[in-house]
Amino acid sequence: MTVRVGVIGAGMIGQDHIRRLTEVVTGATVTAVADVDTGRAAEVAARAGATALPSGADLVASPDVDAVLVTSWGPAHAEHVLNAIAAGKPVFCEKPLATTAEDCLRIVEAERAHGRRLVQVGFMRRFDAGYRQMKEVLSTGSLGAPLIVHCAHRNPTVPESYHSAMAAQDTAVHEIDVLRWLLDDEIVSAQVVTPRATSRRFAHLKDPQIMIFETASGVRIDLEVFVNCQYGYDIQCEVVGEDGLVRLPDPAAVGIRTAARHGTVVLQDWKDRFADAFDTEFREWVASVAAGTEPTGPSSWDGYAATVITDAAVRSLEAGGETVTTDMKPRPAFYGDTA
Ligand SMILES: NC(=O)c1ccc[n+]([C@@H]2O[C@H](COP(=O)([O-])OP(=O)(O)OC[C@H]3O[C@@H](n4cnc5c(N)ncnc54)[C@H](O)[C@@H]3O)[C@@H](O)[C@H]2O)c1
Ligand SMILES: O[C@H]1[C@H](O)[C@@H](O)[C@H](O)[C@@H](O)[C@H]1O
């Protein structure tokens with residue numbers, strides 16, 4: 001079966017995922033595109049050989065759409081995801097699932113009422129080969145119990161529209177999701193402190209930020225978010241256990257020796273760093289839709305948890321660095337035992 005995907009939100013990542021679905025992943029075709037910017041929807045649909053539809057609701061209802069991809073602005077995600085659930089159609093929603101915990105819970109409740117999982121959230125790091133190798137090592141138990149995780153999430157620069165809360169909401173949210181999954185543990189508190197700010201930032205932004213999370217089993221996570229580091233896009237992660245540690249590999253790169261120096265190129269863009277992860281994410285999602293099985297990627301519960309934890313981090317930042325306990329509901333059995 002070829003899965004006919006309708007895409008809501010034809011901006012930067014929507015267009016990249018359309019390319020992925022049409023040129024990289026087999027078994028899928030994009031049949032419809034909708035965007036509040038109808039001119040953009042028409043242009044992107046024409047390029048993809050799809051039909052532009054006037055609204056997200058029309059797209060979800062279309063008989064030519066088997067599954068929905070939501071890549072609109074975050075505040076518009078919940079409405080489209082709820083429409084897809086009401087129509088009983090599988091829906092892949094880029095992060096965040098919704099911008100408020102209340103909206104995430106509405107989605108969780110609607111999906112539970114439907115009776116089977118329809119929603120996958122776009123946390124692509126779970127599909128990255130390096131993180132998957134780390135998960136494999138941790139699951140053998142050979143490192144003993146995890147105790148500490150050291151992480152860094154660095155972007156070369158960010159635009160002026162990027163504000164201090166986005167360090168948690170837009171950037172650290174990737175570590176929050178992947179670490180819940182990697183450690184198979186829940187994050188129960190967040191603290192955000194700010195060292196001396198870099199002069200290479202827009203004045204309104206607190207950058208860098210150091211985030212400290214604690215999990216239910218007592219693991220401490222320190223995460224440096226530094227989004228104007230200048231030198232490149234750099235993701236670091238090291239889990240220290242009782243009997244050893246495991247470290248995320250840097251992307252494979254040739255070694256260059258010249259002018260009395262030896263080095264490798266540092267990637268500049270998250271799209272390049274996680275290109276393979278995005279491809280795998282969509283391959284596996286399309287395969288699950290084609291097979292009529294539940295998606296295996298991040299669930300709407302994971303989307304809810306990520307929003308609750310980023311809210312706690314933003315509250316800590318705004319409160320000058322005090323530790324904030326997350327206010328998370330108990331996990332329903334519907335979503336299994338593990339993160
Ligand atoms: N997984 C990742 O690493 C990753 C990376 C980048 C962006 N994202 C997420 O993808 C989403 C889109 O980001 P982007 O960078 O492509 O943004 P963008 O601004 O380039 O595109 C968003 C598009 O959504 C459209 N839109 C807004 N409201 C809409 C609505 N109600 N119905 C239909 N269309 C609507 C806009 O007109 C625009 O074309 C965001 O939620 C963002 O967080 C995820
Ligand atoms: O939206 C982007 C994207 O999610 C990247 O993976 C992250 O590194 C950036 O900080 C964020 O702004």
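The values are calculated or read from the model by the stated rules, or taken from the named source; none is laboratory data. Everything quoted here is computed from the prediction, not taken from an experiment. Here the Cβ is made from the backbone with ideal geometry for all residues, glycine too, and neighbour counts use every protein chain on show.
Observations on the structure shown:
Here is a yes/no grid of residues against (1) buried (at least 24 other Cβ atoms within 10 Å of the Cβ); (2) within 16 Å of ligand 1 (Cβ to nearest atom); (3) of a type in the set (A, V, I, L, M, F, W, C); (4) over 20 Å from the mean Cα position of the chain (by Cα):
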{"residue": "A167", "(1), (2), (3), (4)": "yes, yes, yes, no"}
{"residue": "V173", "(1), (2), (3), (4)": "no, yes, yes, no"}
{"residue": "D177", "(1), (2), (3), (4)": "yes, yes, no, no"}
{"residue": "E186", "(1), (2), (3), (4)": "no, no, no, no"}
{"residue": "L205", "(1), (2), (3), (4)": "no, no, yes, yes"}
{"residue": "I212", "(1), (2), (3), (4)": "no, no, yes, no"}
{"residue": "T215", "(1), (2), (3), (4)": "no, no, no, no"}
{"residue": "R220", "(1), (2), (3), (4)": "no, no, no, yes"}
{"residue": "V225", "(1), (2), (3), (4)": "yes, yes, yes, no"}
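- Which listed residue, of L118, L97, L105, is of a type in the set (A, V, I, L, M, F, W, C), touching a Gly at 6+ places or on another chain (Cβ under 8 Å), within 23 Å of D184 (Cβ to Cβ) and at pLDDT 95 or above: L97
- Odd one out for T140 among (1) under 25 Å from T280 (Cα atoms); (2) within 16 Å of ligand 2 (Cβ to nearest atom); (3) surrounded by fewer than 15 Cβ atoms within 10 Å (Cβ to Cβ); (4) of a type outside the set (G, A, S): (2)
- Single residue of segment 110-133 satisfying the filter (of a type in the set (A, V, I, L, M) and within 15 Å of ligand 2 (Cβ to nearest atom)) that is nearest to F282 (Cα to Cα): M124
- The single condition from (1) within 16 Å of ligand 2 (Cβ to nearest atom); (2) in a helix (DSSP H, G or I); (3) out of contact with any strand residue (DSSP E or B) (no Cβ under 7 Å at 6 or more places or on another chain); (4) in the same structural domain as E214 (by TED's automatic domain parsing) that D279 fails is (4).
- Unmet requirement for Q230, which otherwise passes all of (1) within 16 Å of ligand 2 (Cβ to nearest atom); (2) over 19 Å from L267 (Cβ atoms): (2)
Yes/no per residue for (1) in contact (Cβ under 8 Å) with a residue 60 or more places away in the chain; (2) among the aromatic types (F, W, Y); (3) closer than 26 Å to L267 by Cβ:
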{"residue": "C104", "(1), (2), (3)": "yes, no, no"}
{"residue": "T140", "(1), (2), (3)": "no, no, no"}
{"residue": "K206", "(1), (2), (3)": "yes, no, yes"}
{"residue": "A216", "(1), (2), (3)": "no, no, no"}
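- The residues listed here are R220, R257; of these, the one that is assigned by TED's automatic domain parsing to the domain that holds T171, within 24 Å of A190 (Cα to Cα) and either at pLDDT 95 or above or of a type outside the set (A, V, I, L, M) (or both) is R220.
- All of V25, V7, V70, V81 fail the test of being among the β-branched types (V, I, T) and more than 14 Å from ligand 1 (Cβ to nearest atom), apart from V25.
- Number of the exception - G6 against (1) crowded, with 22+ Cβ neighbours inside 10 Å; (2) closer than 17 Å to V121 by Cβ: (2)
- T171 vs. criteria in a helix (DSSP H, G or I) and either within 15 Å of ligand 2 (Cβ to nearest atom) or without any contact (Cβ under 8 Å) to a residue 24 or more places away in the chain (or both): yes
- Lone unmet requirement of (1) under 16 Å from H150 (Cα atoms); (2) within 16 Å of ligand 2 (Cβ to nearest atom) for K206: (1)
- Of the criteria (1) under 24 Å from M328 (Cβ atoms); (2) surrounded by fewer than 24 Cβ atoms within 10 Å (Cβ to Cβ), which one V70 fails: (2)
- Against the list (1) in contact with a strand residue (DSSP E or B) (Cβ under 8 Å, 6 or more places away or on another chain); (2) in a helix (DSSP H, G or I), the condition I221 fails is (2).
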